[in-house]
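Each remark here refers to the structure printed beneath this line.
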Amino acid sequence: MHVIDLLLLAIIASTPLLLAVEGEVIVQRSGMINLGIEGMTLVAAMSSVLWGYGGAIAGAAAMAALFGLFAIVFRADQIVTGTAINLFALGLTGFLYREMQDRFASRMALSRIDVVAIGAWIIVPIVLAVLLWRTRFGLRLRACGENPEAVTAAGHSVALHRWSALGIEAILAGLGGAHLALVLSSGFAENMTAGRGFIALSIVIFGRWKIKGAILGTAVFGIAAAGQYALQASGYGLPFHLLLAIPYVVTMLILCGITGRVRAPEALGRA
């Protein structure tokens, strides 16, 4: 496999992860930790097979709304809420898949130009960077993650900004789930996100809650994933399950070794 082909494969393979990371950066900047990003992406992947990209975004939005209901309205513990959403999404999609398995296969939407990948790696980072660092909305959103009391004192709604962040994350997670099912796979399979949501949470920390850091961390995963595919095609006879673990092991080792001391948003995780 040529280097150019390997890089293109890395970009496409890590696109769902990058979209999840970009969405989680926005949400955590607003002061929330959404562990439910894994479940959002999984539901989006299933919905995309039935109703396309629009259905994927709707599925992710439903999970985001459920998270927001408990985390923002009822002020429940965000870690517990996110974990519950992941378990609910895993059980729901697994049940539906077993009941309607024939409807979740062979729905690939391949094209010569991967528009979602281009958007995830070029357009979305620019838009989010401008939104976070060059707009009043972005300033208030970041303030919600640092000092929500000051946002309230200035006459703005912390809840509204956090709901907006969840809405942005739902769109990105929806696109990521659809890309995973329609471009990278031949339809939906149980637990096909395979921990990408948890890797996304690690990459957000590695990237210091910044878009450029998110891109760098995701690129590491993408290169490792492409290397895994290259080894599968090489015919060296390595165990298949060992090859599947390579991207996750490499990513976690690099994140653990490089991240060091970081400063999270002051109000992160506070109800």
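Any read-out appearing in this document is the output of simple, stated calculations on the displayed coordinates, not a laboratory observation. As the structure is a prediction and not an experimental result, all values here were calculated from the model. Here the Cβ is made from the backbone with ideal geometry for all residues, glycine too, and neighbour counts use every protein chain on show.
Which angle between 0 and 90 degrees, to the nearest 10, do you get for helix 158-179 versus the longest principal axis of the chain when only C-alpha atoms count?
10
Give the whole-number value, in cubic angstrom per residue, of the convex hull volume spanned by the C-alpha atoms of the range 22-93. Mind showing how you got there, number by number?
Working: hull volume 5.3 nm³, N = 72.
Dividing the Cα hull volume of the range 22-93 by its residues yields 74 Å³.
Among T83, T218, T15, whose mean-square fluctuation peaks in a Gaussian network model of the chain (Cα, cutoff 10 Å)?
Evaluated over the chain, the most mobile residue of the options is T83.
At a 10 Å Cβ-Cβ cut-off, how would you order I246, I199, I12, fewest neighbours first? Each step should come with its number before you reach the end.
On the way: I246 17, I199 24, I12 20.
Ascending Cβ contact count within 10 Å gives the list I246, I12, I199.
Provide I11, I37, I118, I205 in ascending order of the number of other Cβ atoms located within 10 Å of each residue's Cβ, fewest first. Provide the component values of the computation, followed by the final result.
Details: I11 20, I37 33, I118 13, I205 16.
The fewest-first ordering by Cβ neighbours comes to I118, I205, I11, I37.
Test of understanding: what is the full-extension gain from D5 to L92, defined as 0.36 nm times their sequence separation minus their Cα-Cα distance? List each step's numbers first, then the result.
Details: separation 87, 0.36 × 87 = 31.32 nm, distance 3.68 nm.
Result: 27.6 nm gained on full extension.
Scaled to the compact-protein estimate 2.2 N^0.38 Å, what is the alpha-carbon radius of gyration of the range 15-197, rounded to two decimal places? Provide the component values of the computation, followed by the final result.
Numbers: Rg = 16.5 Å, N = 183, 2.2 N^0.38 = 15.9 Å.
Normalised by 2.2 N^0.38 Å, the Cα Rg of the range 15-197 equals 1.04.
Quick check: the angle from helix 124-134's long axis to the longest principal axis of the chain, C-alpha only, nearest 10 degrees?
20
Taking H placed 1.01 Å from N in the peptide plane, check which residues at least 5 places from G187 or on another chain put their amide H under 5 Å from its amide H.
Amide H to amide H, under 5 Å and 5 or more residues apart or across chains, G187 pairs with S106, R107.
Work out, step by step, the length gained on full extension between I123 and L253: first 0.36 nm times the residue separation, then minus their alpha carbon distance; give nm to one decimal. Numbers along the way, then the final one.
Numbers: separation 130, 0.36 × 130 = 46.80 nm, distance 2.92 nm.
Gain in length upon complete extension: 43.9 nm.
Let me know the charge dipole size of the range 15-197 about its Cα centre in debye, to the nearest 20, where only the beta-carbon of Lys, Arg (+1) and Asp, Glu (-1) is charged. Working shown, then result.
Numbers: 12 positive and 11 negative charges, 79 e Å.
Its charge dipole is roughly 380 debye.
So what is the 222 nm mean residue ellipticity for the chain from helices alone, if each DSSP H run of at least 4 adds -39500 (n - 2.57) and you divide by all residues, rounding to the nearest 500 deg cm²/dmol?
Helices in the chain give a 222 nm mean residue ellipticity of -23000 deg cm²/dmol.
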